[in-house]
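Engineer: Take a look at this one; I'll ask things after.
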Amino acid sequence: MKTLVLASDQLGLPSERTARAITAAQQLGRTDLLAAGHNSREKALAAHYFAGVETIWRLVPKPTLPASIESIALHIARLAPQYRWIIAAQDRFTLDVMARVGGLLGLAPLTQVHAILPNDQVSRMIHAGQALAKVQLKQFPALLSIRPTAFPPAAITANPTPIVDMEYNETTQPTSDHLGYHSLTHQRPDLADAKIVVAGGLGLETAGSFQAVEELADHLGAAVGATRGAVDAGLAASELQIGQTGRIIAPKLYVGMGLSGAIQHVAGIKDSEMIAAINHDPAAPIHAIADVSLVADLFDAAPRLGHLIATRSKGIC
Ligand SMILES: Cc1cc2nc3c(=O)[nH]c(=O)nc-3n(C[C@H](O)[C@H](O)[C@H](O)COP(=O)(O)OP(=O)(O)OC[C@H]3O[C@@H](n4cnc5c(N)ncnc54)[C@H](O)[C@@H]3O)c2cc1C
């Protein structure tokens, strides 16, 4: 039996996360892809040059019935008997859908999967990435949310995969309607795909704003991220949270400012190629994992750090 990949949501842009989920699916055999949501057309078009997909199903929203998370989940649950595995790269959209598919099928989705193993086994990260669990799957279809950073993107092919339209065949109205997206960071790269990320923590609280983080990010052409501490303090939007309960990132360069390096935050940055940190407490855990570390007041040192990184990371920035 085949594997179904649910395409990720990326504001209609070609999705590297979807390409990574396809790689994971190919390790399990023949693969189809489902593009669903109000931007299903853009998702299908973005995916049809990824190699190794047999069919792209495009769920066409009806004007009278918008593509809600509930209706997408219902549709996948109806397709489920044809598939042994249903896979998605972990993001807010796919987690929402997979949880509902699990509810409809009476199955628990497995999250944080970072490796596909032989004989229906997978490996997943637990305890904020501090331990790995090997899981033997016994119920199918199995629902897997993969860590996108753990799989390389699928190759590009010159022969595009055919896109087959499917109608929503629902009789019930959804409980919520998608009204549209509004990007809060549209002038900066998307956090999940940025090559450079500058993240701030509660150390910014005294300033009452994220301005120092944003200035350094703009200096480096980077995306802005935040700790949960900063989000809870109202310094940053929840979309910017990185970590166990936020976004998982793997930039070439991550810069953490005024954050301690709690394990729940580090769970989201551990795949970064280079970690730079600025924290005035020499005992802060972030210094222990940083490649470039400044024990200094961030408001004094952030401009100097920007200069240091720009000169040391030539070829990255
Ligand atoms: C179930 C669960 C899930 C969680 N999920 C997440 C998650 O997804 N992401 C996440 O980030 N957290 C998460 N947390 C919270 C996490 O445990 C930490 O509480 C949080 O990450 C701390 O945020 P922080 O580093 O900004 O704040 P703090 O730990 O308070 O650190 C602030 C740091 O700033 C430094 N500092 C202060 N002023 C300055 C200055 N002027 N110059 C330089 N340095 C300065 C201090 O020395 C300190 O080290 C989770 C917690 C739980 C229990």
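The values are calculated or read from the model by the stated rules, or taken from the named source; none is laboratory data. Values in this document were obtained by computation on a predicted structure and should not be read as measured data. Counting neighbours? That spans all protein chains shown, and the Cβs are built from the backbone with ideal geometry, glycine included.
Engineer: Can you confirm whether I56 is in the same structural domain as V122 (by TED's automatic domain parsing) and either in a loop (DSSP other than H, G, I, E, B) or in contact with a Ser or Thr (Cβ under 8 Å, 6 or more places away or on another chain) (or both)? First the steps, then the outcome.
Structural biologist: Values: in the same structural domain as V122 (by TED's automatic domain parsing): yes; either in a loop (DSSP other than H, G, I, E, B) or in contact with a Ser or Thr (Cβ under 8 Å, 6 or more places away or on another chain) (or both): yes.
For I56, the condition - in the same structural domain as V122 (by TED's automatic domain parsing) and either in a loop (DSSP other than H, G, I, E, B) or in contact with a Ser or Thr (Cβ under 8 Å, 6 or more places away or on another chain) (or both) - is met.
Engineer: Counting only residues that are under 18 Å from the mean Cα position of the chain (by Cα) and among the polar types (S, T, N, Q), which one in region 124-159 is modelled with the highest pLDDT?
Structural biologist: S145
Engineer: Just to be sure I understand the filter: pairs with C-beta atoms under 9 Å, separated by 6 or more residues or on different chains, first member in region 200-221 and farther than 21 Å from D281 by Cβ, second member assigned to a helix (DSSP H, G or I) and at pLDDT 90 or above. Which pairs pass?
Structural biologist: Q211/L204
Engineer: What are the pairs, 6+ residues apart or on separate chains, where a residue within region 226-255 that is assigned by TED's automatic domain parsing to the domain that holds D291 has its Cβ under 8 Å from a residue that is aromatic (F, W, Y) and more than 8 Å from the ligand (Cβ to nearest atom)?
Structural biologist: A226/F210; A230/F210; L235/F210; A236/F210
Engineer: Please list, ordered by residue number, the helices (runs of 4 or more DSSP H) wholly in region 202-283 having 1 or more residues that are more than 9 Å from the ligand (Cβ to nearest atom) and surrounded by 16 or more Cβ atoms within 10 Å (Cβ to Cβ).
Structural biologist: Values: elements: 211-220, 228-232, 263-266.
Counting at least 1 such residues, we get 211-220.
Engineer: Inspect region 178-191 for any residue being buried (at least 21 other Cβ atoms within 10 Å of the Cβ) and not assigned by TED's automatic domain parsing to the domain that holds R304 and give the result as yes or no. Steps first, answer last, please.
Structural biologist: As a first pass, look at region 178-191 and keep what is buried (at least 21 other Cβ atoms within 10 Å of the Cβ): 191.
Checking the rest, the ones that are also not assigned by TED's automatic domain parsing to the domain that holds R304 come to 191.
Yes, that holds for at least one residue.
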